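Notes follow once the structure below has been shown.
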């Protein structure tokens with residue numbers, strides 16, 4: 001029997017990292033930067049939080065001395081700093097030096113995962129644990145704290161840590177900013193036609209930097225949520241899986257609309273874990289087929305939006321292109 | 001006495017791009033209440049000069065004063081603040097945004113599109129524009145987009161307007177409308193600079209002309225005191241004749257026979273409807289019509305690039321053998337000697353690869369030749385050098401990427417390559433689009449040489465005056481139908497113009 005009441009909350013917690021990742025990537029892409037380094041950025045966001053939490057926990061004389069505000073703020077700031085540095089690196093390479101965005105992005109993904117595994121491995125050694133993972137349950141407890149309501153309604157809507165609600169708020173705010181403010185209008189113009197934006201007096205490079213770095217920090221929060229809330233503070237190398245790529249697929253799925261991303265990310269989260277809920281017996285091959293569903297859905301969406309050929313549903317026209325004013 | 005003070009004074013302006021000197025110590029004065037025509041051949045630095053005024057480029061040397069005050073224009077925003085607005089040749093508009101959104105782009109303050117729409121309407125009423133603030137740019141015609149551009153600079157309170165070849169993409173009617181608006185603005189006390197190649201427009205519209213040649217300022221004078229011949233001589237640097245040759249066709253024989261050609265676009269719109277005509281060898285068949293009346297589809301059907309719904313296109317050999325072109329692939333049609341040179345609105349869209357150099361672009365036509373596994377790189381290089389020399393292409397060398405050349409030079413490369421393939425049929429569309437007068441005449445000359453060599457030339461043009469002077473016969477298209485075929489000699493501009501807008505013109509009244 002398909003247990004919908006337990007499936008939906010699990011789909012949502014799976015969806016939150018995707019939502020943060022795709023909101024960040026959407027903002028980035030709206031500025032014309034195709035940041036394929038998002039998996040790496042999210043990974044660095046996660047390890048940043050872990051490093052912060054680890055050293056905070058280590059510095060405590062006893063587990064009882066933990067201060068809730070610091071337990072949340074230190075990992076949060078470390079995570080933001082890590083993903084901000086990744087965003088800055090990407091911008092410096094692609095905007096200032098005008099390097100190829102695809103190559104830079106892919107390099108950052110490899111780089112970010114490598115950094116994460118390096119520090120992750122080092123911390124595991126420092127902690128001297130006998131399993132290849134690191135448990136930060138004390139700080140993690142503050143990230144996953146939710147209201148103690150046990151009705152069906154509470155289970156569906158109130159059983160998540162604060163980052164989940166923050167993710168939805170960020171997505172809706174990003175959507176509002178993009179569509180209803182001057183900043184959003186300018187950002188869209190930069191992504192569609194940087195030379196037009198430039199001629200209109202918009203500082204193209206500044207918009208690209210700010211959007212990409214903000215996007216990276218939002219995406220990094222996705223990594224933080226994954227490790228501190230979803231994984232209950234347990235870090236193991238490569239545990240993050242392919243969620244970063246899924247977040248990029250989600251950007252296409254939502255046709256570059258963060259507000260659509262809220263429900264779509266939960267849908268993707270559901271599809272991502274669907275294989276655990278559908279009895280497939282011992283046949284592992286069928287399970288693997290179910291795991292493909294999110295990607296198949298993305299391809300279907302690509303086909304449909306391409307066939308509809310509506311201009312508003314296309315990626316930003318200058319996506320992936322470097323801009324140089326005196327080039328012609 | 002001269003009661004006007006210069007709104008803009010540019011002094012000793014120099015700008016270089018690498019080894020290329022685009023502007024060399026240029027002086028220019030712009031006055032309010034006056035329309036200044038800025039003339040010069042392609043690559044003479046007109047656009048560069050104006051780009052420095054609008055903040056796109058920054059001058060290497062020289063000073064700019066606005067209303068007597070020396071200013072530094074570092075960015076387009078600085079230019080707006082000084083009341084300078086430029087309408088670029090390639091529109092600076094974001095396709096997926098609405099007219100209003102494009103117009104307020106880059107401004108500060110709270111985003112209030114309703115108030116913006118109000119202000120846009122009031123500007124439109126004041127000068128006689130028609131703009132729907134909520135229409136998306138991709139839904140607009142070229143002339144509507146241009147209107148949005150003009151409203152955009154007025155919205156910012158610009159009183160010094162620069163228009164870079166505004167009429168290059170407009171129909172004669174749209175041009176008249178634009179000129180009326182420009183005169184309105186001049187009478188309103190605005191300073192207007194217009195860059196154009198069309199002499200009759202300069203004479204019709206401008207109060208004063210300023211001339212640049214090879215990046216240097218040659219001189220300026222009131223339009224009334226000069227004429228097309230003198231202005232052309234100043235632009236080119238030596239005397240040129242402004243008459244287009246039209247030798248009698250020799251030994252004209254049917255070469256291409258088109259019967260009842262019907263073509264539909266992918267969206268199912270009828271583009272050509274029962275078109276029939278014969279093109280003769282050694283003859284120029286001019287094709288006139290308002291843009292988008294099927295000219296492109298006609299040439300592309302002959303070249304095999306366009307699926308045909310019904311009808312026939314026959315190629316007639318010298319010995320009278322006939323061959324059906326419909327159903328053949330473009331490659332075998334090209335091998336029969338049918339060459340197509342189509343210059344699209346953006347010039348680069350068809351036929352040339354922007355990032356490849358001149359020699360490689362020549363090779364796009366010839367790479368299949370030769371039996372060796374390796375391509376022959378020598379002859380394209382020679383051809384490139386030949387084209388550069390004969391057509392006087394302004395380029396640092398043949399290994400320069402085409403995208404770095406100015407628009408007119410790009411076109412010379414394209415037309416030069418097509419002509420060099422020694423075709424028996426030459427299909428050319430908008431061959432002189434955006435070209436200066438000197439280069440245009442070089443192209444007319446080349447086409448006439450092809451005609452003398454017995455080539456059947458189909459010449460799609462937008463400038464009716466040229467069509468009337470160059471063509472042996474003129475086929476007039478109107479909404480995809482043949483409105484009439486008239487002999488070029490003795491045809492009246494007015495009659496052809498009528499046939500362009502109405503099937504058969506006003507024959508019924510005659």
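Just one of the listed residues (A:118, A:111) is more than 16 Å from the chain's Cα centre (by Cα), in contact (Cβ under 8 Å) with a residue 24 or more places away in the chain, part of a helix (DSSP H, G or I) and surrounded by fewer than 20 Cβ atoms within 10 Å (Cβ to Cβ), and it is A:111. Among the residues here, residue B:118 does not qualify as more than 14 Å from chain A (Cβ to nearest Cβ), surrounded by fewer than 17 Cβ atoms within 10 Å (Cβ to Cβ) and not in a helix (DSSP H, G or I). Checking B:319, B:346, B:376 one by one, the residue that is at pLDDT 80 or above and either more than 24 Å from the chain's Cα centre (by Cα) or outside the structural domain of residue B:296 (by TED's automatic domain parsing) (or both) is B:319 and no other. Here the condition is being outside any loop (DSSP other than H, G, I, E, B) and within 30 Å of residue B:12 (Cα to Cα); of B:91, B:80, B:179, it holds for B:80 alone. Checked against the criterion of being part of a loop (DSSP other than H, G, I, E, B) and within 26 Å of residue B:357 (Cβ to Cβ), the candidates B:442, B:375 yield just one match: B:375. Against the numbered list (1) in the same structural domain as residue B:292 (by TED's automatic domain parsing); (2) in contact with a strand residue (DSSP E or B) (Cβ under 6 Å, 6 or more places away or on another chain); (3) in contact (Cβ under 8 Å) with a residue 40 or more places away in the chain, residue B:401 comes up short only at (1).
Working only within the stretch B:224-242, note down all residues that are in contact with a strand residue (DSSP E or B) (Cβ under 8 Å, 6 or more places away or on another chain) and closer than 12 Å to residue B:203 by Cβ.
Correct list: B:226, B:231.
Taking the condition of being in contact (Cβ under 8 Å) with a residue 60 or more places away in the chain and not in a helix (DSSP H, G or I), how many residues in the stretch A:132-159 meet it? Number of matching residues: 7. It is to be established whether one or more residues within the stretch B:74-81 are more than 19 Å from residue B:29 (Cα to Cα), touching a strand residue (DSSP E or B) at 6+ places or on another chain (Cβ under 9 Å) and either modelled with pLDDT under 90 or surrounded by 22 or more Cβ atoms within 10 Å (Cβ to Cβ) (or both). Yes, the stretch B:74-81 contains a residue that is more than 19 Å from residue B:29 (Cα to Cα), touching a strand residue (DSSP E or B) at 6+ places or on another chain (Cβ under 9 Å) and either modelled with pLDDT under 90 or surrounded by 22 or more Cβ atoms within 10 Å (Cβ to Cβ) (or both). Counting only residues that are closer than 11 Å to residue B:8 by Cα and surrounded by fewer than 22 Cβ atoms within 10 Å (Cβ to Cβ), how many does the stretch B:29-72 have? Residues in the stretch B:29-72 being closer than 11 Å to residue B:8 by Cα and surrounded by fewer than 22 Cβ atoms within 10 Å (Cβ to Cβ): 12 in total.
For the stretch B:98-106, check the following and say yes or no: at least one residue is surrounded by 17 or more Cβ atoms within 10 Å (Cβ to Cβ), over 32 Å from the mean Cα position of the chain (by Cα) and more than 7 Å from chain A (Cβ to nearest Cβ). No: zero hits.
The one condition from (1) in contact with a strand residue (DSSP E or B) (Cβ under 7 Å, 6 or more places away or on another chain); (2) within 11 Å of chain A (Cβ to nearest Cβ) that residue B:91 does not meet is (1). Residues in the stretch B:62-77 that are more than 8 Å from chain A (Cβ to nearest Cβ), in a loop (DSSP other than H, G, I, E, B) and under 31 Å from the mean Cα position of the chain (by Cα): B:73, B:74. A Cβ distance below 9 Å, combined with a sequence gap of six or more or placement on separate chains, defines the contacts here; from the stretch A:188-202, residues that are at positive phi and facing chain B (nearest Cβ under 7 Å) reach residues that are part of a helix (DSSP H, G or I) and buried (at least 24 other Cβ atoms within 10 Å of the Cβ) in the pairs A:201/B:76; A:201/B:79.
The single condition from (1) within 30 Å of residue B:216 (Cβ to Cβ); (2) at pLDDT 90 or above that residue B:116 fails is (1).
The values are calculated or read from the model by the stated rules, or taken from the named source; none is laboratory data. This is a predicted model, so every value here is computed, not measured. Backbone-built Cβ (ideal geometry, glycine too); neighbour counts: all protein chains shown.
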